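Q: This is the structure I want to talk about, given as structure tokens.
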Amino acid sequence: MEIPYTVTARKDTGLFNSKVGIWLFLASEVMLFGGLFSGYVFLRIYADYPWPERALPIVPGLINTFVLIGSSVTVVFAWAALKMREWRKFQIYMGITIACAAIFMVLKGIEYKAKLEHQAVRMDDFAIIEGHAHYAVVGDDGKISHADTKTKAKKLSDSGAKPFKANAILFKPQTIDFSVARAHQPWVEAVLEQAAKRKSKLVTAEDLFLYGSIRDYAGTEQEPLSSKGRTNSEAELVAKYANAEEKAGHTFGERSLYIPAGTELSYDLVKQAREVYVSGRSHNAVARTAILKANWKKVKAARPEDKYWEQAPDARIDSATQLDEQFDSEGNCISGSKVVSVVSTLSFQMSPPQPIVIDRGWVKRPVKAQEGKAELRDDTSFNAGSAGDSAPGLLSSPLILAVDAIDFRWMAQKAEEAGKEPLEVIEKSWIFSEENKHAKYYKRIWKNHKARIAELEKELLEGYGRDKEGNAKRVPTETDRYRITWQDLVHYARVDQHEGRPPKPSDKEYADLRPKFWDGFAGPNHKDEEIHELHAFPELEIPHQKVSLQSMFTPKWNTYYAVYFTITGLHGLHVIGGAIVLGYYLFFSKGLYRRNPEWLANRVEVGGLFWHFVDLVWIFLFPILYLM
Amino acid sequence: MADTPEAIQKAKKQYILIGLILFVFTVVTVAVATVPWLDFGDHGFDSKDAVIGLLIATFKASLVASIFMHLNHERKTIYLVLLISAVMGIVLFFLTGWAFVDPIEYGNTVEGDRFYNPEKPITSD
């Protein structure tokens, strides 16, 4: 089909068609990004926590701005080259544009990686601690030891235990209950692997009968009716089946399972049980519908003159009594003839009990020692033994960090709301208390911080003076006062360990020791040798019960990162999409150029318009996300 | 739009100039956010810094739109399309303002004082 007006302009609009098309598309894009920016403004204005202003490293964002502006120039040059029929120049300019897109995405990737590796913790007193989680290993004695890198952590264990992020939960269970329906394969296998490594077994404590369809309730004795895993001899079984079927007056379903006591856990077993479970549930659904129908019929037959809504109050159609069925507390039919009791959990005993490392992301809610259990999001439940047992449940598993920022802003906000003096509340908080075995580092840091802020306050007063009411015109911000950044930590460590007399905040040398905004590139560099030698990022062990939220810098952490990843992610997708289209013009359009160069020039113009739009969005994103 | 070779040559010089202006203003926007003596308003980030940052960004964006995207001399059809999207974009910004009249959050306000005013705490009678 010949598409009209690809090269020449339509008379009514004065435009070639694809240009109208791209502008319509860009108009919808304006609204798409407009909505997201509006969301950003809303989240920021109404945030109920201190917004992380100027939280992103400026340098990668700044370079990316240069890169995108530069590529906007080169893409328009590529178009101009086509207009002048200079193919070679077009190739060069378009090549640079696509290279710019690649640089942009690489820098974005570095930035994202830094965020996704950065551990953040909100403590129960609203102190925010940021840093990198250490790595830990569980020794043969079941105790936890840790180091700041994976390699170092590996060396801590003689038996080659696998290091894990020191933000996990250590739990020594007596029994583990798996949900038949929901048990998540990787987690089941992780538990199995750990148990095997610590020479422990997970076995069923008692015989389990799982029924996938009709079984016999007539006798008091419940018999396994499955061909799977049965221990009975063939002849016995045939006899039992015959007997049972005769009693019940129907034949038994195939899908039943007998798991004798002492069976070891495997995911296959869970899967088999799941099949039986699903079968049982579907059998029950069919049976229940039949029962309800039959009951309803009875009700209607008893009161034929009434309308259904008049009958309804009397129609106890879900009641057991009418069918001589009995239900247990969970609503499963335990006697009667139609519905099977469905087994929904498989319980395994751990012998001997050994600690299991549970990823903090797996648990449903914070694990409390006194509850004696840890519940996973797939409904798996780790249960402690009784008191004085060898399976105490939750073991000491602190969150161990190399701290690169401490933020008391939220604590200060909460203190003010409660009408208390923020400084007092902060100084009485856990991090400076005797319960924290590393408190001395943090007291030292806080002393340095207060000294620097006092000096800043003095400088601002000297520089800008007071207003008519006698208040200082400029004062340190809440962020200055209550947030200790990684730059602060490095600064204070350099000051403290300065050769000779440590400089005072009023000395010129003091300011010179401060890291510049371009240091660290994409944030605090934990691998930096100087930082390591200075011990600038001190370690901190946060006890489990003090943690109220822990996360990487992901959308889970706060709405700032949610909106940051949404907008920059969508923008990044636009960069990739644009680069693909421009790459198509560069690598696959020589033929079109020979045939009809003007057409290609129009295409490049349209692709270029999209590219400029991507640049335009970034021009707003950079100051909003990085500088405000 | 530049269509003759001479006009394109001329336009190329303009593109370079605009590119340089954009580079310079990128540096300016970083400078006003990081250099203490260029800090407007109160010390640290505040609304004045936000306004200045956004003004610079708007200026840069309008250069990109008008010169690189040739909006300084475009046809009427495209202006009409963009007018609609600009109006819609602005409406989107104020949509979130509906939160002010959220009956759950602010429903217990006194009659006639529909907008929440923290200086006038609402007392229940």
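Q: Once amide H atoms are placed 1.01 Å from N in the peptide plane, what residues at a sequence separation of 5 or more from A:Leu394, or on another chain, have their amide H within under 5 Å of its amide H?
A: A:Lys172
Q: In whole angstrom, note down how far apart the Cα centers of segment A:533-571 and segment A:4-35 are.
A: 43 Å
Q: Follow-up. Kindly give Rg over Rh for chain A, based on alpha-carbon atoms, with the Kirkwood expression for the hydrodynamic radius.
A: Ratio of gyration radius to Kirkwood radius: 1.10.
Q: Just order A:451-463, A:601-613, A:270-282 by mean Cβ neighbour count inside 10 Å, highest at the front, would you?
A: Packing proxy ranking, top to bottom: A:601-613, A:270-282, A:451-463.
Q: Just want to confirm a number: the relative contact order over segment A:403-552, from Cα pairs under 8 angstrom separated by 6+ residues, in percent.
A: Relative contact order, segment A:403-552: 28 percent.
Q: Give me a comma-separated list of calculated 3J(HN,Hα) values for segment A:482-498, in order, Karplus coefficients 6.51, -1.76, 1.60 applied at θ = phi - 60°, integers in Hz, x for any Gly or Pro.
A: 10, 10, 9, 7, 5, 5, 4, 4, 5, 4, 5, 5, 5, 5, 4, 9, 5
Q: If you don't mind, there's one more thing I want to ask. Across peptide B:61-70, how many C-beta atoms of other chains are within 10 Å of each residue C-beta, on average?
A: Going residue by residue through B:61-70 and averaging, the value is 6.
Q: Also, quick follow-up: Ordered by packing density, taken as the mean number of other Cβ atoms within 10 Å over each peptide's residues, highest first, how do A:44-56, A:120-132 rank?
A: Ranked from most to least packed, the peptides come out as A:120-132, A:44-56.
Q: Per residue of segment A:159-173, what does 6.51 cos²θ - 1.76 cosθ + 1.60 with θ = phi - 60° give for ³J(HN,Hα)? Whole Hz please, x for Gly and Pro, Karplus curve as stated.
A: Coupling constants for segment A:159-173: 8, x, 5, 7, x, 9, 4, 6, 10, 8, 10, 9, 9, 10, x Hz.
Q: If contacts are Cα pairs under 8 angstrom and at least 6 residues apart, what is the relative contact order of chain A in percent?
A: Answer for chain A is 23 percent.
Q: Using modelled amide H (1.01 Å from N, peptide plane; none on Pro or chain starts), what sits under 5 Å from the amide H of A:Leu399, excluding residues fewer than 5 places away?
A: Residues meeting the criterion, in which the H sits 1.01 Å from N, are A:Ile542, A:His544.
Q: Using θ = phi - 60° and the Karplus curve 6.51 cos²θ - 1.76 cosθ + 1.60, what whole-Hz ³J(HN,Hα) does each residue of segment A:148-153 get, with Gly and Pro shown as x?
A: 7, 10, 5, 4, 5, 5
Q: Along the Cα→Cβ direction, 7 angstrom out, place labels at A:Ala439 and A:Asp12. What is the inter-label distance in nm?
A: Using points 7 Å along Cα→Cβ, the separation is 8.0 nm.
Q: Can you pull the three principal axis extents for the Cα set of segment A:460-512, in Å, largest first?
A: Between the extreme Cα coordinates on each principal axis of segment A:460-512 lie 44, 22, 12 Å.
Q: Hey, another quick one. Among A:564-570, A:18-24, how do they line up by average Cβ neighbours within 10 Å per residue, starting with the highest? Walk me through the numbers on the way to the answer.
A: Values: A:564-570: 17.1, A:18-24: 18.9.
Top to bottom by mean Cβ count within 10 Å: A:18-24, A:564-570.
Q: A further question on this structure: As an exercise, take the mean of 1/r over every pair of distinct alpha carbons in segment A:403-552, invert it, and state the Kirkwood radius in angstroms. Walk me through the intermediate numbers first.
A: On the way: mean 1/r = 0.0586 Å⁻¹.
Result for segment A:403-552 stands at 17.1 Å.
Q: Apply 1/(1 + (r/R0)^6) to the Cβ-Cβ distance of A:Glu424 and A:Asp467, taking R0 = 35 Å, and write down the FRET efficiency to the nearest 0.05.
A: Numbers: r = 28 Å, r/R0 = 0.79.
The computed FRET efficiency comes out at 0.80.
Q: Quickly estimate the mean residue ellipticity at 222 nm for chain A, helices only: each DSSP H run with n ≥ 4 gives -39500 (n - 2.57), and the total goes over all residues, rounded to 500.
A: Here the helix-only value at 222 nm equals -15000 deg cm²/dmol.
Q: To continue, here is another question. Across the residues of A:15-22, average count of Cβ atoms on other protein chains within 10 Å?
A: Numbers: counts 5, 0, 0, 0, 5, 4, 0, 2.
Per-residue shielding by partner chains comes out at 2.
Q: If I fit a long axis through the Cα atoms of helix A:87-116 and take the longest principal axis of the Cα atoms of chain A, what angle between them do I get, 0 to 90°, rounded to 10?
A: So the inclination is approximately 60 degrees.
Q: Given Cβ point charges of +1 (Lys, Arg) and -1 (Asp, Glu) and nothing else, what value in debye, to the nearest 20, does the dipole of segment A:500-628 about its Cα centre take?
A: 580 debye
Q: For chain A, find the longest principal axis of its Cα atoms and tell me its angle to the long axis of helix A:439-464, 0 to 90°, nearest 10.
A: Tilt relative to chain A: about 40 degrees.
Coordinate-derived values only; no laboratory data. Here the structure is a predicted model, which is why all the values come from computation and not from measurement. Don't worry about glycine lacking a Cβ; one is built from the backbone with ideal geometry, like all the others, and counts go over all protein chains shown.
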